[in-house]
Amino acid sequence: MDIDIELVKSARQGDQRSFAELYDAMSLYMYKYAMYSLGNHHDAEDVVSETFMDAFRGLHSLRDESAFKPWIMKILSVKIKRKIKEYAECRDTSELSEEIGIGPDPSPELAERSAAMEALDTLNPQERQIVVLAVIYGYTTKEVARMLGCPQGTVSSKLHRSLAKLRANLQ
């Protein structure tokens, strides 16, 4: 997903319609990432909303319009980390099951999805974020490292170990 640099430039100069277009372009993408990371519909919506509010207030400080997407994803990652800290021990995953439609007799596709979500739940929050960003969204380890604010080598090794852990859990 590419973001129009002129749209970012216009939003940066205070055009609210341009910012609304950026919201329309990015919100679903960001919601899915938040949902994978948090496993809770309401919290995912909250962190995305909070991210856009912070982005709106801080957009004037963005130096390079082409860096908008990594910049806003980094803000979202920080919000997700904070939310995870708030409820690390008492997370309710039943809402995620309802969200993806898992009932008493799920279809094979939904059962497979459920198994994948359960496997993701075995990862710690940082591992889950790395896997979601790298595997599901296709970011490079360098981009993930920049978003999460950690060394690229750490991201690479955690991604490798996390994928091995997921494979083991899914077998």
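Miscellaneous remarks
- Of the residues making up region 51-79, those that are surrounded by 15 or more Cβ atoms within 10 Å (Cβ to Cβ) and polar (S, T, N, Q) are T51, S77.
- Only residues that are farther than 21 Å from G39 by Cβ and free of Cβ contacts under 8 Å to residues at least 40 places away in the same chain were counted in region 139-160, giving 13.
- Single residue of region 1-36 satisfying the filter (in contact with a Phe, Trp or Tyr (Cβ under 8 Å, 6 or more places away or on another chain) and among the small types (G, A, S)) that is surrounded by the most Cβ atoms within 10 Å (Cβ to Cβ): A11
- Residues located in region 37-50, provided they are touching a residue at least 40 places away in the same chain (Cβ under 8 Å), crowded, with 20+ Cβ neighbours inside 10 Å and either assigned by TED's automatic domain parsing to the domain that holds V131 or in a helix (DSSP H, G or I) (or both): S37, L38, D43
- Among residues of region 123-171 being in a loop (DSSP other than H, G, I, E, B) and over 17 Å from the mean Cα position of the chain (by Cα), the one that is farthest from W71 (Cα to Cα) is Q171.
- Failed condition for G58, given (1) over 13 Å from the mean Cα position of the chain (by Cα); (2) closer than 18 Å to Y139 by Cβ; (3) of a type in the set (G, A, S): (2)
- For region 123-171, taking the residues that are β-branched (V, I, T) and at pLDDT 85 or above, the one that is surrounded by the fewest Cβ atoms within 10 Å (Cβ to Cβ) is identified as T140.
The values are calculated or read from the model by the stated rules, or taken from the named source; none is laboratory data. Keep in mind it's a predicted model, so treat the numbers as computed, not measured. Note that we place each Cβ from the backbone using ideal geometry, even for glycine, and neighbour counts take in every protein chain shown.
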